[in-house]
1. Which entries in the list Lys61/Lys234; Lys281/Lys458; Lys368/Lys425; Lys336/Lys360 go over 26 Å, if you measure between the two C-alpha atoms of each?
2. By average Cβ neighbour count within 10 Å, what is the ranking of 277-283, 64-70, 101-107 from highest down?
3. For region 31-142, what relative contact order do you get, as a whole percent, if you take Cα pairs closer than 8 Å and at least 6 residues apart?
4. What list of ³J(HN,Hα) values in whole Hz, one per residue of region 365-370 in order, does the Karplus curve 6.51 cos²θ - 1.76 cosθ + 1.60 (θ = phi - 60°) give from phi, with Gly and Pro shown as x?
5. Among DSSP beta bridges whose residues both lie in region 2-177, state the antiparallel percentage, nearest 5.
6. Longer than 31 Å from Cα to Cα, which of Lys76/Lys141; Lys244/Lys470; Lys400/Lys469 are they? Say none if no pair is.
7. Sort 217-227, 139-149 for me by packing, meaning the mean count of neighbouring Cβ atoms within 10 Å per residue, highest on top.
8. For Lys129, go through the aspartates and glutamates and keep the ones whose alpha-carbon is under 13 Å away, minus same-chain ones fewer than eight residues off.
Amino acid sequence: MDTLVAKVPNPKTVRNSWVEDSAGVLTDTASIDQMINAEEANSGVEIAVVTLPTIGSYVPKDFAVALFNHWKIGKKGKDNGILILHVIDQRRIEIETGYGMEGDLPDVTVKRIIDTYTIPSFKEDNFQKGHADTVSAIITKLNHPELAVEDLVSNTTGTDYAADASAYPSNNDTPNESKRTDEYDYQGKSYSQLTDDEKRILEETVERYNTTSNYFLNDEESRLLNEKFTELEKIEKEESLRNKKYFIFGYLALFVFLNLFQRVVVWFTPSPTAKYHIVHKTDFILFYGIVISPVIIAITLLSLVLDDALFPVSIFLIIGSIIIFFIFWGDLRMRKLMERLQSIRNIPRKCKKCGTTMTKLSEEADNKHLSEGQVSEEIVNSIDYDVWVCPSCHSNAILKFPNINPEYIHKGTSFPKIKSCPECKFETFVCRSSRILSEATYSSSGKVEVKRTCAHCKHSATEYETIPKKQKSSSGGSSGGGGGGGESSG
Ligand SMILES: [Zn+2]
Ligand SMILES: [Zn+2]
Ligand SMILES: [Zn+2]
């Protein structure tokens with residue numbers, strides 16, 4: 001509510017006036033201003049008149065108190081301010097007085113002034129007369145406390161405004177319709193206590209009050225309508241909370257399921273080499289999926305807990321949690337994956353010829369069974385080879401395990417750090433340097449130069465990768481996908 005209160009233009013600072021007619025229902029604010037100025041010069045009392053088309057579902061009384069405090073109406077130390085708030089769509093008038101006024105203008109008097117001068121004119125849609133008479137009555141009461149409420153505004157002023165009223169465009173000439181004969185007694189129940197029939201009666205009353213211009217809700221109906229709005233808002237909030245919970249649980253369940261599914265598939269795959277390939281190919285995707293899930297959960301949880309106003313705080317917390325996640329948890333996860341792949345490689349193999357369990361040679365000992373190219377692949381860390389030897393028939397098996405290859409990502413284009421050499425075909429064609437030749441724009445694609453040298457046969461080449469055109473809706477080139485094919489030259 002505070003943000004809505006702050007949005008009401010303060011007429012005092014905007015144009016040195018006491019009247020803010022945001023709803024545009026007054027035809028002559030100057031005459032009201034004149035009365036208030038005279039009274040302020042005389043006694044120092046400050047009176048603000050505010051008309052607003054709507055304050056949403058807020059209760060006018062609460063809104064009036066908030067606006068009164070926000071503007072600090074009244075002289076410092078005297079607390080002698082008065083706020084007249086008129087909310088058009090709820091058809092409510094609230095008069096809020098400072099503590100310094102309660103002796104001269106007790107709540108009972110204020111209520112009687114509203115009943116005598118405000119409501120009758122409002123019922124005829126003559127808001128100008130209603131507001132002018134209300135201000136006039138309050139000022140007269142302050143200066144002549146001995147006068148009865150009925151005598152505060154003289155008849156002559158009344159006729160003056162009546163003449164005004166005939167010029168008022170939406171003035172209704174058939175006042176008979178304004179008489180309400182169908183007021184239902186809700187016996188002070190709260191909205192949730194109403195029976196279905198009573199709710200229907202309230203519904204119909206509100207329906208009529210929306211379509212008939214000179215029709216007013218009484219205090220009880222207005223209170224019930226406010227309670228109904230509040231209840232609807234509560235239900236809406238609960239619903240969105242439930243949806244967010246489903247989303248979080250759905251997201252978690254999906255990734256728990258995918259991880260379990262991967263483990264089941266790996267469990268039932270007989271060949272250790274095939275196990276290795278499944279984990280090697282899928283774990284990276286699952287890993288990134290799980291990286292993203294805590295971020296999404298954090299955003300959702302924070303939006304549940306924090307108000308819209310605290311959004312910058314939640315953004316800060318989310319970014320912080322992403323950084324912490326990548327530093328600690330992402331690294332840990334990567335190490336766990338490496339350990340898992342290593343343990344799959346260590347599963348004992350049986351000899352294909354005689355069925356005896358073979359033994360794995362150490363990294364140093366296995367090199368004499370490998371070709372020079374294979375050793376080069378192990379050195380650049382693109383592929384690892386394990387050599388298993390059978391103790392009974394002395395045959396051996398060379399097993400090939402591709403490593404996890406981090407990719408260079410250059411503004412939308414991605415190219416592997418190591419690829420297979422076009423000359424010797426080993427996975428030893430290593431990127432030595434790369435530089436951007438032209439940046440991608442919205443109208444044309446860019447180019448990046450990649451220099452590669454083979455760690456085995458020393459063949460070297462310069463390749464050109466295409467950087468795709470920038471997209472209008474670009475959210476940062478995080479996953480470029482396919483870079484264009486490279487040309488190769490000496
Ligand atoms: Zn080796
Ligand atoms: Zn054997
Ligand atoms: Zn080569």
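No lab work stands behind these numbers, since they all come straight from the coordinates. In this text the structure is predicted, and so the values were computed from the model without any measurement. Reconstructed Cβ throughout: ideal geometry from the backbone, glycine too, with neighbour counts over all protein chains shown.
1. Lys281/Lys458
2. Values: 277-283: 16.1, 64-70: 18.9, 101-107: 14.4.
Descending packing order for the listed peptides: 64-70, 277-283, 101-107.
3. With pairs under 8 Å counted, the relative contact order is 24 percent.
4. 6, 6, 4, 6, 8, 9
5. 35
6. Lys244/Lys470; Lys400/Lys469
7. Numbers: 217-227: 17.1, 139-149: 14.5.
In decreasing order of mean packing, 217-227, 139-149 become 217-227, 139-149.
8. Output for Lys129: Asp28, Asp160, Asp164.
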